[in-house]
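> Okay, handing you the structure first.
The values are calculated or read from the model by the stated rules, or taken from the named source; none is laboratory data. Because the structure is a prediction, the values reported are computed rather than measured. Positions of Cβ are backbone-derived with ideal geometry, glycine not excepted, and every protein chain shown enters the neighbour counts. Accessible surface areas use protein heavy atoms only, side chains included; no ligands, DNA or RNA. Shrake-Rupley method; radii C 1.70, N 1.55, O 1.52, S 1.80 Å.
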Amino acid sequence: MSMEMEWDDPMYRSTVALFERTAESMDLDPNIRRRLRYPDRAIITTFPVRMDDGRVESFHGYRVQHNNTRGPFKGGLRYSLDVNLGEVTALAMLMSVKCAVMGLPLGGAKGGVRVDPSKLSRAELQRLTRRYTTEIINDIGPESDIPAPDMGTNEQTMAWIMDTYSQMKGHAVPAVVTGKPVSVGGSLGRGQATGRGVVYMVMDAARHLGMDLGEKTTAAVQGFGNVGMHAARKLHKMGVKVVAVSDVYGAIQNPAGLDIRALKRWVNKHGKVAGFPESEPLDPAHLVELPVDVLIPAAIGGVINEKNVQKLRCRILAEGANGPVTAAANEVLRETRDVFVIPDVLANAGGVTVSYFEWVQGLQSFFWSAKEINQRLYQIMSKSFHEVIDVAARRKVDMRTAAMMHGIGRMEEAMKLRGLFP
Ligand code: NAD
């Protein structure tokens with residue numbers, strides 16, 4: 001069986017296609033090119049969990065460690081029915097590139113469990129998380145691989161992982177995960193970091209394009225979870241009109257702008273955006289096609305594809321989600337250039353950047369103020385944004401290719417300097 005078949009998944013194929021195209025245009029060393037196509041290590045585990053009614057169910061879990069040349073593996077943990085080896089591997093590759101684009105001393109990894117977390121009770125989720133942690137216990141650690149939240153997981157999940165790991169080691173090890181609650185060693189600002197970072201990148205893009213971000217600016221946000229909600233909230237606070245929002249259950253719109261604070265209270269109470277009083281229902285498929293200044297896909301991968309890419313009417317596309325644009329759609333965007341794309345490895349890197357801050361704070365047991373965190377976050381992201389803009393101008397390539405070139409170039413340099421063992 002070819003290696004490719006093991007990772008047969010649309011997102012893996014799309015990510016490898018992007019990697020190969022970038023490798024070609026930057027003339028990447030062929031040995032490094034062959035290595036980076038695949039992860040360093042992929043763990044697949046099937047494990048049992050006792051459900052509340054007494055039944056025992058089996059779950060499939062993954063942890064894929066892509067490359068740690070620049071530092072320990074780092075990456076989120078996803079709970080979703082779509083999780084498979086190919087998707088987790090693609091996401092791990094993107095993490096390696098993202099950490100390198102941001103200049104963080106970290107490598108890339110990703111994990112996941114194939115489960116619909118909304119169907120499990122809190123007690124079941126806790127048992128599943130603890131058992132998954134024990135399955136990968138020898139492969140994670142503050143110096144080796146540090147998980148964080150992603151789709152379907154949150155700070156509670158991280159607290160359970162930290163507790164399980166600490167119980168097994170016999171002492172508290174807060175730095176084994178990031179995205180923990182502040183009361184067990186988490187960082188201020190981590191919860192908001194990805195959404196806030198997306199908006200920082202929109203601000204820099206608007207400045208670059210000579211656009212004003214104010215009351216006349218409109219935005220649409222797909223997904224109202226950790227990333228989408230915080231991005232929408234920050235835009236709303238800045239006076240931008242967020243005219244449409246969606247979640248897995250449906251979409252809503254209000255051309256005059258949605259009150260995001262009130263919407264958040266509604267979602268906390270009702271569990272979904274649909275039915276929010278000051279809004280009209282919207283066909284969720286149409287959200288990405290709305291004529292807005294800023295479009296933020298912040299849910300799942302592959303939502304902008306061959307079928308709808310020609311219908312995009314946004315000026316800035318800021319990728320809150322990982323891999324929201326398929327390889328085929330990306331080719332169309334590259335050619336038309338009407339849409340300014342802030343690629344995922346740049347746009348949503350605020351999460352891993354504050355995770356890095358959390359890890360550093362945890363290792364030193366010395367904590368920073370929220371103001372310090374947000375200032376350092378903006379500094380790092382804005383520096384990376386301008387580095388990518390420079391690569392795009394110098395190499396005459398689009399933003400996604402430029403970001404990939406920048407990140408892969410840094411990995412290539414580190415791999416060559418470290419050399420080959422033995
Ligand atoms: P989350 O679980 O907190 O929220 C996901 C949201 O997307 C929910 O509102 C859900 O209802 C919605 N959703 C799911 N399927 C949908 C669909 N088909 N259409 C519309 N909405 C849908 O997840 P999150 O942490 O906000 O992650 C969202 C995306 O951002 C993922 O691609 C993730 O990899 C990426 N990301 C997250 C972080 C982070 O720090 N959490 C960092 C970088 C990137």
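> Could you give the size of the charge dipole of the chain about its Cα centre, using +1 on the Cβ of each K and R and -1 on the Cβ of each D and E, expressed in debye and rounded to the nearest 20?
Once rounded to the nearest 20, the dipole reads 820 debye.
> Now for a different question. When the chain is treated as a GNM, springs tying every alpha-carbon pair under 10 Å, which of 93, 411, 211 comes out with the largest mean-square fluctuation?
Maximum fluctuation in the GNM of the chain, among the listed residues, is at 211.
> What whole-number distance in Å separates the alpha-carbon centres of the range 326-352 and the range 37-73?
Centre-to-centre (Cα) distance: 29 Å.
> Going down the list 311/371; 234/272; 98/216; 180/264; 180/237, which pairs span over 29 Å between their C-alpha atoms?
Table pairs above 29 Å Cα-Cα are 311/371; 98/216.
> Quick one: P(r) of the chain from all Cα-Cα pairs, 20 Å bins, percents rounded to integers, in order of increasing distance.
Distribution as computed: 28, 60, 12, 0 percent.
> Among 107, 292, 170, whose Cα projects farthest towards the positive end of the dipole of the chain, with charges put on the beta-carbon of Lys, Arg (+1) and Asp, Glu (-1)?
Going by the charge dipole, the pick is 170.
> For the range 3-185, what is the Kirkwood hydrodynamic radius in Å, using each pair of distinct C-alpha atoms?
In the range 3-185 this quantity evaluates to 16.8 Å.
> Could you work out which residue, out of 277, 117, 297, moves most in a Gaussian network model of the chain, that is, has the largest mean-square fluctuation with Cα springs under 10 Å?
277
> Now a separate question. Restricting to Cα atoms and excluding each atom paired with itself, what does the Kirkwood estimate give for the range 350-422 in Å?
14.4
> Related question: For the range 10-62, what log10 I(q)/I(0) values come out of the Debye formula at q = 0.17, 0.24, 0.28 1/Å, with one point per alpha carbon and no solvent?
Evaluating at q = 0.17, 0.24, 0.28 Å⁻¹ gives log10 I(q)/I(0) of -0.67, -0.93, -1.06.
> For the charge dipole of the range 191-347, defined by +1 on Lys and Arg C-beta atoms and -1 on Asp and Glu C-beta atoms about the Cα centroid, which residue among 209, 253, 309 has the Cα displaced farthest towards the positive pole?
The one lying farthest along the dipole's positive direction is 253.
> A further question on this structure: Under 5 Å between amide hydrogens, which residues at least 5 positions from residue 77 or on another chain qualify, with H placed 1.01 Å from N in the peptide plane?
Long-range HN contacts for residue 77: 111, 148, 150.
> In the chain, carbon and sulfur make up what percent of the accessible area (probe 1.4 Å)?
51
> Then there's this: Could you report the chain's accessible area per residue, 1.4 Å probe, as an integer in Å²?
43
> Determine ³J(HN,Hα), in whole Hz, for all residues of the range 400-406 in sequence, where each value follows from phi through the Karplus function 6.51 cos²θ - 1.76 cosθ + 1.60 and θ = phi - 60°; x replaces Gly and Pro.
Each residue of the range 400-406 in turn: 5, 4, 4, 5, 5, 4, 4 Hz.
> Using Cα positions and a limit of under 19 Å, work out the lysines in reach of residue 269, with same-chain residues fewer than 8 apart set aside.
119
> Looking at the range 191-347 only, what percent of DSSP beta bridges run antiparallel? Nearest 5 please.
Counting only bridges with both partners in the range 191-347, antiparallel ones make up about 30 percent.
> Right, next: GNM on the chain, C-alpha springs below 10 Å: top fluctuator among 365, 14, 187?
365
> Compute the signed sum of charges (Lys and Arg +1, Asp and Glu -1) over the other residues within less than 12 Å, Cβ to Cβ, of residue 251.
The answer is -3.
> Hey, what's the Kirkwood Rh for the range 191-347 if you take every pair of different alpha carbons, in angstrom?
One decimal place: 15.1 Å for the Kirkwood radius.
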